[in-house]
Amino acid sequence: MNVTSIYAALLALLFVGLSTRTLLLRRSLKIAIGDGGDNRMLRAMRVHSNFAEYVPFGLLLLYLAETQGAPSIALHGVGLCLLIGRLSHVYGVSQENEKFQYRVLGISVTLTAFVALAGFLLFVAIRNGI
């Protein structure tokens, strides 16, 4: 599971960075729970939450594809899509004057990775007689 491990590690480091950023913002704004009506806090929370919502499922699909023998080059391609997609989304949503095109690019690239991985897994299942 070498390929999945690489992307899991990179995405985990990004998650730690997002978590730290959110915690430091909470501390500086003195907001213990929720967004406190502060748009910066709301954006930081959504970036962090969105990452937590999409990345585990993407890594699970990547892992399953790797266990089913997907070519390493293809796995790296979808792993990069997942990483770039999440980075783009983070950048777009993090801006107070949101860069909507980065948000759209981020979710589009992320979902493309999901569809490619799901398609591969379905192909393998059908090929193996489900």
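The values are calculated or read from the model by the stated rules, or taken from the named source; none is laboratory data. In this text the structure is predicted, and so the values were computed from the model without any measurement. As a convention, Cβ positions derive from the backbone with ideal geometry for all residues, glycine included, and neighbour counts pool all protein chains shown. Note: accessible area is taken over every heavy atom of the protein model, side chains too, but ligands, DNA and RNA are not part of it. Shrake-Rupley method; radii C 1.70, N 1.55, O 1.52, S 1.80 Å.
Identify, please: which residue in segment 67-76 is open to solvent by 30 Å² or more (accessible area, probe 1.4 Å) and touching a residue at least 60 places away in the same chain (Cβ under 8 Å) and is, among those, nearest to the chain's Cα centre (by Cα)? Checking each candidate, the answer is His76.
Taking segment 16-27 as the range and being of a type in the set (A, V, I, L, M, F, W, C) and buried (at least 16 other Cβ atoms within 10 Å of the Cβ) as the test, the residues that pass are Leu18, Leu25.
Residues that are open to solvent by 30 Å² or more (accessible area, probe 1.4 Å) and more than 10 Å from the chain's Cα centre (by Cα) within segment 56-65 comprise Leu60, Tyr63, Leu64, listed in sequence order. The selection criterion, being among the polar types (S, T, N, Q) and over 24 Å from Thr110 (Cα atoms), holds for Ser28. Criterion applied to Gly92, Gly79, Gly119 was being closer than 21 Å to Val3 by Cα and either aromatic (Phe, Trp, Tyr) or surrounded by 15 or more Cβ atoms within 10 Å (Cβ to Cβ) (or both), and the one residue passing it is Gly79.
Of all residues in segment 11-63, exactly one satisfies the criterion of being among the small types (Gly, Ala, Ser), out of contact with any Leu (no Cβ under 9 Å at 6 or more places or on another chain) and touching a residue at least 24 places away in the same chain (Cβ under 8 Å), namely Ser19.
Taken over segment 28-55, the criterion of being over 30 Å from Ile6 (Cα atoms), aliphatic (A, V, I, L, M) and loosely packed, with under 13 Cβ neighbours inside 10 Å is satisfied by Ala32, Ile33.
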